[in-house]
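Asks: Structure incoming, see below.
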Amino acid sequence: MRFRFLVMLATCIATSSCADRPVAPFASSPFSVARKGNALSMPFTIPPTANLGYSYMLSFKYKELERDDPLPLFWSRPQKDHLFLRVRLVYLNPSGREEEVKSVGHYSEDEIVHSMVARDPRVVNVRMEGIRIDTVYMEAVHFMAPQPGNYRFDVETVCDMPVFEPVISWLTVEREYQHHK
């Protein structure tokens, strides 16, 4: 109970400095990370009204469990466990061709993370961000949209994560969380 309170307090402090009102995600889709090889193509549109100066992200979210929640595995320092995803972001230009867009994952000084990324530069370590009510927020990658238009994230799980078997989870594309601003 105390652990959950501290996580919620940290989340409140981190998000309270954001003066902008919440914006609906560009896309959201159910996605299980329990088994290796689970894949999803998630199309979304950055509208002409979007601020291209903002950073956007692919986030992983799940409903917190009352018992045996995976949260402590990812919030601890050093991190006790890792959630790795293979992520590719493309812009679908008007002629129908795909142009890869740079996205940036969270890389720590952790040797396990360095080893996974060295084998495949599209692999990212999903980073714990916090909890709001009963939803846990984790950031996979962030990116700057070069222009409005149609995009697609291709996402695949890299490892089995049986701790997430009973968990209701999903991916969203949205404005990046406001860190320390």
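The values are calculated or read from the model by the stated rules, or taken from the named source; none is laboratory data. Predicted model, so just to flag it, every value in this text is computed and none were measured. Quick reminder, even Gly has a Cβ in these numbers, built from the backbone with ideal geometry, and neighbours come from all protein chains shown.
Asks: Looking at the stretch 83-98 only, could you name the residues that are buried (at least 20 other Cβ atoms within 10 Å of the Cβ) and of a type outside the set (A, V, I, L, M)?
Replies: Of all residues in the stretch 83-98, those buried (at least 20 other Cβ atoms within 10 Å of the Cβ) come to 83-85, 87, 89.
Across the stretch 83-98, the qualifying residue is only 84.
Asks: Additional query: Assess whether residue 170 counts as being surrounded by 14 or more Cβ atoms within 10 Å (Cβ to Cβ) and either at pLDDT 90 or above or closer than 25 Å to residue 49 by Cβ (or both).
Replies: On the way: surrounded by 14 or more Cβ atoms within 10 Å (Cβ to Cβ): yes; either at pLDDT 90 or above or closer than 25 Å to residue 49 by Cβ (or both): yes.
Answer is yes for this residue.
Asks: Next question. Sort out which residues of the stretch 111-159 are without any contact (Cβ under 8 Å) to a residue 60 or more places away in the chain and either under 23 Å from residue 55 (Cβ atoms) or surrounded by 19 or more Cβ atoms within 10 Å (Cβ to Cβ) (or both), and write them in order of number.
Replies: Pass one, the stretch 111-159, residues without any contact (Cβ under 8 Å) to a residue 60 or more places away in the chain: 111-125, 127-128, 133.
Selection gives 113, 116, 117, 121, 122, 123, 124, 125, 127, 128.
Asks: While we're on this one: Run down 139, 156 and say which single residue is of a type in the set (D, E, K, R), within 14 Å of residue 86 (Cα to Cα) and under 12 Å from the mean Cα position of the chain (by Cα).
Replies: Working: 156 fails: under 12 Å from the mean Cα position of the chain (by Cα).
Selected residue: 139, the only one of 139, 156 that is of a type in the set (D, E, K, R), within 14 Å of residue 86 (Cα to Cα) and under 12 Å from the mean Cα position of the chain (by Cα).
To keep it simple, each residue is scored yes or no on (1) polar (S, T, N, Q); (2) part of a strand (DSSP E or B); (3) within 18 Å of residue 171 (Cβ to Cβ); (4) at pLDDT below 75.
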site	(1), (2), (3), (4)
86	no, yes, yes, no
89	no, yes, yes, no
95	yes, no, no, no
99	no, yes, no, no
105	no, yes, yes, no
109	no, no, no, yes
114	no, no, no, yes
128	no, yes, yes, yes
138	no, yes, yes, no
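Asks: Among the numbered conditions (1) in contact (Cβ under 8 Å) with a residue 12 or more places away in the chain; (2) closer than 23 Å to residue 43 by Cβ, tell me where residue 96 comes up short.
Replies: Here residue 96 meets the rest and fails (1).
Asks: Now a separate question. Name the single residue, out of those in the stretch 140-167 being assigned to a loop (DSSP other than H, G, I, E, B) and under 20 Å from residue 36 (Cα atoms), that is modelled with the lowest pLDDT. Before you say what the answer is, go through the steps one by one.
Replies: Filtering the stretch 140-167 down to residues assigned to a loop (DSSP other than H, G, I, E, B) leaves 144-148, 158-161, 165-167.
Among the residues that remain, those that are also under 20 Å from residue 36 (Cα atoms) are: 158-161, 165-167.
Details: 158: 93, 159: 90, 160: 90, 161: 87, 165: 84, 166: 81, 167: 84.
My answer is 166.
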